[in-house]
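One structure is given below, encoded as structure tokens.
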Amino acid sequence: MAGAMIRKEISRSYQELNDETERDAQSADLQEDLDDLDPQDGNGSASPVVDDEAGSNNPSMRFSKACLKNVFSVFLIFIYLLLMAVAVFLAYQTITDFREKLKHPVMSVRYKKVDRFEAPGIALYPGKAQLLSCKHHYHDQIPPLVNPGQLGEVQCLTERINYTDPYTNHTTKQALIVKGPTDVRKRELIFLQFHQNETEQDFSAIGYLLFYSYQEFSDSFPFSPDKAQFMKDTESSYSIWTFSGGFRTWVKMSLVKTSEKDGGESVEFRQESSVVKYSDQRPDSEKGNELFFVVFEWRDPFIQEVRDIITANPWNTIASLCGVFLALFKAADFAKLSVKWMIKIRKRHLKRNAREMNQVT
């Protein structure tokens, strides 16, 4: 009886020892689970991390999952770095394009229609040739020549000026200044006729120069020396053209105004010329006098205005840069979070390996 009671007491003590051992093991497991929890986030709440390795006791499977996570993290970081490189390149390209557009403005052409032009100045250099006639006509209607080679009516406003050649400074040039046509709607034109006696040149021609305003030449310089200086400056700024003897040269003018970078404005003439051979029906005794014919007319009622326009818009460039830098900062933030996540996984993996080694030892 006493032996049975002793055995019962030993059995109950052994059962209580087993219960205490199981409670200690459960407490250790609970502590390990608490260690596996993620640190608290910004609002103070702890968020557990779902660990796929917790449900597996196979070390090789656990290692393969950890390796796969590391490879995936490295791939994400590579993608983020690639995005950052693209963002930096786009920012550099945007700034480069903006600077190039500032250096190379685009030429803008606008056509302004007018009914009347300001009368241009026509400077003729006849040399030994003599002006026979000068008349205004309308609607491209030039009547047949009467007594060609003979003096006729001079209905144009003309003036002769002597000035020094701007390129040699010792040669005197004689210019015949003629007031050009103005009424482009009625197609006004000026027809001039010259003749030259006993030319000694193999090729004979008369030079002419077009400048913007005859009124500026006539009114702004009342004294002859000032007009001579005006013509000298004009010749250095415009080109000299020619028309040949024995032909009728039809010159159609157009006006081009160009706005300069310093705010000024320059004017130039563009010309379209056509040449028609003159059928000389004079007697042989009079054919020694070489005849020159020239017609000046406006080509169309449009003034071509040219100016440089900078297409670089600073606001569009700033907006593009803001978008690029926003993407850049976002990619950097993602990369930083990925690195932190990899470090956290690595620490958890090392801690778990250390715990398993402690259990084995």
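Selection within segment 91-132: residues that are outside any strand (DSSP E or B) and in contact with a Lys or Arg (Cβ under 6 Å, 6 or more places away or on another chain). The member of this set that is farthest from Q174 (Cα to Cα) is D115. Pairs meeting the criteria (first residue in segment 302-327 and over 30 Å from R187 (Cα atoms) and modelled with pLDDT of 75 or more, second residue part of a strand (DSSP E or B) and open to solvent by less than 60 Å² (accessible area, probe 1.4 Å), beta carbons under 7 Å, at least 6 apart or on different chains) are I309/S108. Taking residues in segment 340-361 that are at pLDDT below 80, and partners anywhere that are small (G, A, S), the pairs with Cβ atoms closer than 6 Å and at least 6 places apart or on different chains are M342/S73; H349/A66. Regarding K135, is this residue outside any loop (DSSP other than H, G, I, E, B) and open to solvent by 80 Å² or more (accessible area, probe 1.4 Å)? No: the conditions fail for K135.
Residue by residue, here is whether (1) touching a residue at least 60 places away in the same chain (Cβ under 8 Å); (2) not aliphatic (A, V, I, L, M) holds:
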| residue | (1), (2) |
| --- | --- |
| Q215 | yes, yes |
| T242 | no, yes |
| T249 | no, yes |
| G263 | no, yes |
| V276 | no, no |
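Screening segment 145-197 for residues that are among the basic types (K, R) and either crowded, with 18+ Cβ neighbours inside 10 Å or touching an Asp or Glu at 6+ places or on another chain (Cβ under 7 Å) (or both) and picking the one that is modelled with the highest pLDDT gives K179.
The residues of segment 198-212 that are buried (at least 16 other Cβ atoms within 10 Å of the Cβ) and within 45 Å of the chain's Cα centre (by Cα), listed by number, are A205, I206, Y208, L209, L210, F211, Y212.
The values are calculated or read from the model by the stated rules, or taken from the named source; none is laboratory data. Everything quoted here is computed from the prediction, not taken from an experiment. We place every Cβ from the backbone using ideal geometry, glycine too, and count neighbours over all the protein chains shown. Please note that ligands, DNA and RNA were not included when accessible areas were found on the heavy atoms of the full protein model with its side chains. Shrake-Rupley method; radii C 1.70, N 1.55, O 1.52, S 1.80 Å.
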